[in-house]
Amino acid sequence: MKSLIKTALTGAFILLLSFQATAQSSKYKCMLQMSNYVGEGAYVVVSLINAKGEYEKTLYVMGDDKKWYSSLKEWNKFQTKKPTNISAITGASVTGGDRSITTIEIDNTKINSGYKLRFESAVEDQKYHISDVEIPLTTAGIAEKTEGKGYIRYVRLSKI
């Protein structure tokens with residue numbers, strides 16, 4: 001009887017720990033509206049930037065042809081120094097006037113801690129934008145529509 005209770009308590013404890021681990025991050029729907037530029041599809045990378053202004057994690061990559069990743073110069077430096085498998089967070093590039101809706105996952109401890117999301121963009125044979133959009137990871141920052149400075153017209157996040 002004691003071993004049955006021990007087994008049940010151990011199982012409950014493991015279940016509680018696994019629930020806690022998944023509850024430490026939140027998913028956000030990320031709607032990105034491109035400006036009406038003329039040219040090829042834009043490659044856009046969404047990165048988590050720490051309070052020191054350094055790349056910490058790649059959250060999503062719009063553009064799946066690796067040969068163009070070098071056009072995202074600053075992110076590419078980070079990715080080559082700390083290579084990670086990004087195949088699960090990679091999608092199609094986005095052309096002028098188009099809209100992209102993706103899901104990104106953000107660790108809850110990064111909110112209101114000096115972090116931000118950086119949307120870096122590049123188009124073949126055109127200007128490169130290291131911070132086309134930057135969204136402060138604050139409760140207010142996530143809730144607002146953020147205007148872009150280059151190929152991105154705006155980005156809007158909503159928690160799901």
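The values are calculated or read from the model by the stated rules, or taken from the named source; none is laboratory data. Quick caveat, the model's predicted, so the values are computed rather than measured. Here the Cβ is made from the backbone with ideal geometry for all residues, glycine too, and neighbour counts use every protein chain on show.
Residues in region 45-77 that are in a strand (DSSP E or B) and not basic (Lys, Arg): how many?
12
If the requirement is being under 15 Å from residue 47 (Cβ atoms), over 17 Å from the mean Cα position of the chain (by Cα) and not hydrophobic (A, V, I, L, M, F, W, C), which of these qualifies: 81, 127?
Being under 15 Å from residue 47 (Cβ atoms), over 17 Å from the mean Cα position of the chain (by Cα) and not hydrophobic (A, V, I, L, M, F, W, C) holds for just one of 81, 127, which is 81.
Looking only at region 46-74, how many residues end up being within 18 Å of residue 151 (Cα to Cα) and in contact with a Lys or Arg (Cβ under 8 Å, 6 or more places away or on another chain)?
Matching residues across region 46-74 total 2.
So which residues in region 130-159 are more than 18 Å from residue 62 (Cβ to Cβ) and within 12 Å of the chain's Cα centre (by Cα)?
The answer is 137, and nothing else.
Taking residue 72 as the residue in question, decide whether it is surrounded by 14 or more Cβ atoms within 10 Å (Cβ to Cβ), at pLDDT 95 or above and out of contact with any helix residue (DSSP H, G or I) (no Cβ under 6 Å at 6 or more places or on another chain).
Details: surrounded by 14 or more Cβ atoms within 10 Å (Cβ to Cβ): yes; at pLDDT 95 or above: yes; out of contact with any helix residue (DSSP H, G or I) (no Cβ under 6 Å at 6 or more places or on another chain): yes.
The answer is yes for residue 72.
If we scan region 77-87, do we find a residue that is modelled with pLDDT under 95 and small (Gly, Ala, Ser)?
Checking region 77-87: at least one residue is modelled with pLDDT under 95 and small (Gly, Ala, Ser).
Among the residues of region 42-54, which ones are over 14 Å from residue 106 (Cα atoms) and touching a strand residue (DSSP E or B) at 6+ places or on another chain (Cβ under 6 Å)?
42, 43, 44, 45
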